[in-house]
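**Student:** Take a look at this one; I'll ask things after.
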Amino acid sequence: WTFGIITKGDRDDWLEEIIKSIKDQKIPNFEIIICGTYKDRKENNFKYIPFFERDDKAWITKKKNLIAKEAKYENICIIHDRIVFDKNWFMGMKKYGNCFDVLCNQQTFKDKGIRAGDWLTYGYGKLGSPYGISQLRYNDWDNYVYMGGQLSILKKSVWEVCPWNETLYWGEEDVELSFRFRNEGFLIRFNQYS
């Protein structure tokens, strides 16, 4: 697994917690790549890509592509610097299996147990949200499902066909990328075990 973390450098305390949560998974083969403003850690399985160009505009699509390009593993999980993995995340991934193109996981606000944008649809208002964005039931799917950008799980081979669109910035990229996945025949699935 390649874990990529994008950051602007203002959450170093969270990064320590995130890195620990990844290491605590006890994944046999993994690497961590941090892209943004951070520091180089002299550790095994760690890589730092300094990149802060257009940080004022949140050019996260570029950061995510830099991580995916450097990824040495087929399974890629790219997160924003606010996602901490549950202690059973990897066990849930193994239970789900390795047969996926693009995958979403359960996400909750820390210590609240309230869903945090984990299984979404851009249903053009048909589901009652004024912006067209709604949460789906975990056992549901529709043609407008999209992967929220705060947690992106995909195969490197899928990224090679559908990289992030670097003309877009934070808040613009999630739906566009997800619809390109769909149009290229890559299904976004949901793993209820992680």
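**Student:** Using only Cα atoms, find the angle between the long axis of helix 60-70 and the longest principal axis of the chain, and express it within 0 to 90 degrees, rounded to the nearest 10.
**Tutor:** The answer is roughly 60 degrees.
**Student:** While we're on this one: At 0.36 nm per residue, and after removing the present C-alpha to C-alpha distance, how many nm does the segment from Lys23 to Gln135 gain when stretched out fully?
**Tutor:** Computed gain between Lys23 and Gln135 is 37.3 nm.
**Student:** Full extension from Met91 to Lys69: what is 0.36 nm times the residue separation minus their Cα-Cα distance, to one decimal in nm?
**Tutor:** Stretched fully, the Met91-Lys69 segment lengthens by 5.3 nm.
**Student:** Moving to a separate point now. Say the cut-off is 29 Å between C-alpha atoms; which of Lys57/Lys110; Lys69/Lys110; Lys62/Lys155; Lys64/Lys95 go over it?
**Tutor:** Violating the 29 Å Cα-Cα cut-off are Lys69/Lys110.
**Student:** Averaging sequence separations of C-alpha pairs under 8 Å and six or more residues apart, then dividing by the length of the stretch 1-147, give the relative contact order as a whole percent.
**Tutor:** With pairs under 8 Å counted, the relative contact order is 22 percent.
**Student:** Restricting to bridges with both residues inside the stretch 58-194, how much of the DSSP beta-bridge set is antiparallel, in percent to the nearest 5?
**Tutor:** 75 percent
**Student:** Evaluate the charge dipole of the chain about its Cα centre and quote only its size in Debye, nearest 20, assuming +1 on the Cβ of each Lys and Arg and -1 on the Cβ of each Asp and Glu.
**Tutor:** Approximately 440 debye in magnitude.
**Student:** With the Cα gyration tensor of the stretch 1-71 giving a ≥ b ≥ c as the square roots of its eigenvalues, does the rule (a/c under 1.5 for rounded; else a/b larger than b/c for prolate; else oblate) give rounded, prolate or oblate?
**Tutor:** Cα axes put the stretch 1-71 in the prolate bin.
**Student:** State the dimensionless ratio Rg/Rh of the stretch 36-104 (Rg: radius of gyration of Cα atoms; Rh: Kirkwood radius).
**Tutor:** Result for the stretch 36-104 is an Rg/Rh of 0.99.
**Student:** Please give the helix 173-183 orientation as an angle from the longest Cα principal axis of the chain, in degrees from 0 to 90, rounded to the nearest 10.
**Tutor:** That works out to roughly 60 degrees.
**Student:** Separation of the stretch 35-63 and the stretch 156-191 by C-alpha centroid, Å?
**Tutor:** Cα centroid to Cα centroid, the span is 21 Å.
**Student:** Compute the signed sum of charges (Lys and Arg +1, Asp and Glu -1) over the other residues within less than 14 Å, Cβ to Cβ, of Val175.
**Tutor:** Within the 14 Å Cβ shell, the charges total -3.
All of the numbers you see were taken from the coordinates with simple rules; none came from a lab. Predicted model, so just to flag it, every value in this text is computed and none were measured. Heads up, the Cβs are rebuilt from the backbone with ideal geometry, glycines too, and the neighbour counts pull from every protein chain shown.
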